[in-house]
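Input: one structure, supplied below.
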Amino acid sequence: MKLNCDMGESFGAWTMGADAEVMPYIDMASIACGFHASDPLTMHRTVQLALQHQVSIGAHPSYPDLVGFGRREMQLSSDELHSALIYQIAALQGICESNNTTLSYVKPHGALYNKMMIDNATLMTVMQSLKDYCPHLPLVLMATPEAEQIQKQADSMGISILFEVFADRAYDDEGRLVARTIEGAVHQSLSQIEQQVRQIVEQGTVTSFSGKVIPIAADTLCIHGDGAHAASIAELCSRITS
């Protein structure tokens, strides 16, 4: 199972995340594209860091929400979202090309990621954006009980899917992430994270917040690079998934 991490989320003089410490342990770097975090120089440096460690590069587009770090839902029309996605993906692709590399996938961020998992119109707009600009790039989205239906939609549009699970997020009984506003939604201890990752990798299941065991199948495991123990989590997950 490939290990991915959201990265390049600093902005100007403000630093977010432990990118340099985490990068050696991961397979996929999902780089912010300027709408929720990052700036052109941060994008450029993060691409170069990924290349140094032979890590594949993905675009991590979001709603246009720098103030809210892309975690606030926004009411964009389909045309607005379509254009915003292409704009962001193209920006990072241009920086990749200037470094003699290219994008390998697209993974929406934050509120947009969550919205597309519960709103089919948003998901279809995201898929259409990829189809129109970069149909060769896989779309990374959450592994849920609806995975089979989502796969059929992607197949009909001619794009591929990489299903994702999370190392440090709690799941609800429907196999979705517990909202960050709820206490305990983000696992803080290494032992708790290790237990969840081993269960996902070795048993193909995850235990929900209430104790329900849920089957889950995925291609990639997500960690977050902005936590206090990001490098330790990355090293732990790398050992388990390799």
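The values are calculated or read from the model by the stated rules, or taken from the named source; none is laboratory data. A quick note: this is a predicted structure, and the numbers were derived from the prediction, not measured. Backbone-built Cβ (ideal geometry, glycine too); neighbour counts: all protein chains shown. Quick note on the areas: whole protein, heavy atoms, side chains included, nothing else; ligands and nucleic acids left out. Shrake-Rupley method; radii C 1.70, N 1.55, O 1.52, S 1.80 Å.
Taking into account only those residues within segment 123-149 that are of a type in the set (Val, Ile, Thr) and open to solvent by less than 10 Å² (accessible area, probe 1.4 Å), which is nearest to Val106 (Cα to Cα)?
Filtering first and then ranking leaves Val140.
Anything in segment 183-193 that is open to solvent by less than 60 Å² (accessible area, probe 1.4 Å) and either among the acidic types (Asp, Glu) or over 22 Å from His109 (Cβ atoms) (or both)? List them, or say none.
Gly184, Ser189
Step by step: first the residues of segment 22-36, then only those that are assigned to a strand (DSSP E or B) and aliphatic (A, V, I, L, M), then the one that is nearest to Ala84 (Cα to Cα). Which residue is that?
Filtering first and then ranking leaves Ala32.
Looking only at segment 1-21, count every residue that is open to solvent by 20 Å² or more (accessible area, probe 1.4 Å), within 19 Å of Leu66 (Cβ to Cβ), touching a residue at least 24 places away in the same chain (Cβ under 8 Å) and assigned to a strand (DSSP E or B) and tell me the total.
Residues meeting the conditions: 1.
List the strands (runs of 3 or more DSSP E) inside segment 184-226, counting only whole elements, that have at least 2 residues being of a type in the set (D, E, K, R).
So the answer is none; nothing clears 2.
Taking the condition within 14 Å of Cys134 (Cβ to Cβ) and of a type in the set (A, V, I, L, M, F, W, C), does Leu76 pass?
No, not satisfied.
Please go through segment 40-70 and pick out each residue that is part of a loop (DSSP other than H, G, I, E, B), surrounded by fewer than 16 Cβ atoms within 10 Å (Cβ to Cβ) and not polar (S, T, N, Q).
Listed by number, the residues that qualify are His53, Leu66, Val67, Gly68.
When you look at Ser238, is it within 21 Å of Ser30 (Cα to Cα) and exposed (fewer than 15 other Cβ atoms within 10 Å of the Cβ), yes or no?
Judged against the criteria, Ser238 is not a match.
Related question: Which one is modelled with the lowest pLDDT, of the residues in segment 217-231 that are touching a helix residue (DSSP H, G or I) at 6+ places or on another chain (Cβ under 8 Å) and open to solvent by 60 Å² or more (accessible area, probe 1.4 Å)?
Step by step, filter segment 217-231, then rank; the result is His229.
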